[in-house]
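Note sheet for the following structure.
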Ligand code: AHG
Ligand code: MN
Ligand code: MN
Ligand code: MN
């Protein structure tokens, strides 16, 4: 049965055939997928697994950690550190880059990840995810934090898992964005959404409007025009969604279009936005561009931002191309 289906391994073999270090990259992505299957099993157990709730500790960015933040982080690290494919790893949940243990061999790639995205949603049984980015490591470099400070356009692969009613893995190796669904009986990711495309136009936007008083003028203008509906300057009605799991918003946008904003705001003068460049904005930005969408800070293409620190935050505006370009225009007209 099902003999014609494309498994993740078969897909990777086909896509990576002509890429330098293709076999190693494929092996790394299979390790990441194994970690994701484990995290999927943990999140699916819900209260029965004993994994819900907070830990009484904060990560380096001051966020109260959920038990699942730490479990998912350990799972990613343990699955990926021993394969001989990585020079170092970095995670939302660790202040500094994570070296490969001395008894494991090292490889050509860097792996950066958000082990559990949307973790405020774990206890309320709403979709969460894992986001990851693969970079090539400069030969001879040490593997410390500075090595990770590469713009998003240098990513060799990026993806996310969404732990929803179905667990899915969505990834790109620079040849389009492709979605796989976990067949839980067999334990394999099966290609179900080849070459995902984001429509250029949309009538759906996503933003946390509780931050409205902190937004800049161009974002106020854009949202007000959407809210004005068919009697406003856009002459159409818009719908709004906010799940508070970036992966779930992005997944919706990859499937049916839309625009997502976590823009620059004045909530905290030290932070130019909520989302982190290296393990949230960049991997999602690459997936969105590879699906024909656009990803911007409002003033610059996201993938061209030069990182200066591991946990740097960045304004994020992404999704259907014509809406993102409109919001960029509003920034230009305002600045
Ligand atoms: P994380 O759970 O990895 O810290 O990321 C949460 C992010 C993102 O998933 C989501 O879009 C955003 O935070 C939600 O922020 P608000 O709670 O401010 O809406
Ligand atoms: Mn967090
Ligand atoms: Mn996140
Ligand atoms: Mn997280």
**Prompt:** If you check every pair at least six apart or on different chains, which have Cβ atoms under 8 Å apart with a residue in the range 49-65 that is free of Cβ contacts under 8 Å to residues at least 12 places away in the same chain and within 18 Å of residue 271 (Cα to Cα) first and a residue that is within 16 Å of ligand 3 (Cβ to nearest atom) and assigned to a loop (DSSP other than H, G, I, E, B) second?
**Reply:** none
**Prompt:** Do you know which residues across the range 230-261 are part of a loop (DSSP other than H, G, I, E, B) and within 12 Å of ligand 1 (Cβ to nearest atom)?
**Reply:** 241, 242, 243, 244, 245
**Request:** Just give me the residues in the range 309-335 being part of a loop (DSSP other than H, G, I, E, B) and either without any contact (Cβ under 8 Å) to a residue 24 or more places away in the chain or closer than 25 Å to residue 245 by Cβ (or both), in sequence order.
**Result:** 309, 310, 311, 312, 315, 320
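Residue-wise test of (1) part of a loop (DSSP other than H, G, I, E, B); (2) free of Cβ contacts under 8 Å to residues at least 12 places away in the same chain; (3) under 30 Å from residue 136 (Cα atoms).
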residue: 201; (1), (2), (3): yes, no, no
residue: 210; (1), (2), (3): no, yes, no
residue: 213; (1), (2), (3): no, yes, no
residue: 224; (1), (2), (3): no, yes, no
residue: 287; (1), (2), (3): no, no, yes
residue: 307; (1), (2), (3): yes, no, yes
**Asked** Taking strands (runs of 3 or more DSSP E) that fall entirely within the range 48-132, which contain at least 3 residues that are within 16 Å of ligand 3 (Cβ to nearest atom), buried (at least 17 other Cβ atoms within 10 Å of the Cβ) and at negative phi?
**Response** 109-117
**Prompt:** If a residue has to be in contact (Cβ under 8 Å) with a residue 40 or more places away in the chain and under 13 Å from residue 278 (Cβ atoms) to count, how many in the range 74-94 make the cut?
**Reply:** 4
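Read-outs: derived from the displayed coordinates by stated rules, not from any lab. Remember, it's a predicted structure, so these values are computed and weren't measured experimentally. Here Cβ is always computed from backbone atoms with ideal geometry, including for glycine, and neighbour counts include all displayed protein chains.
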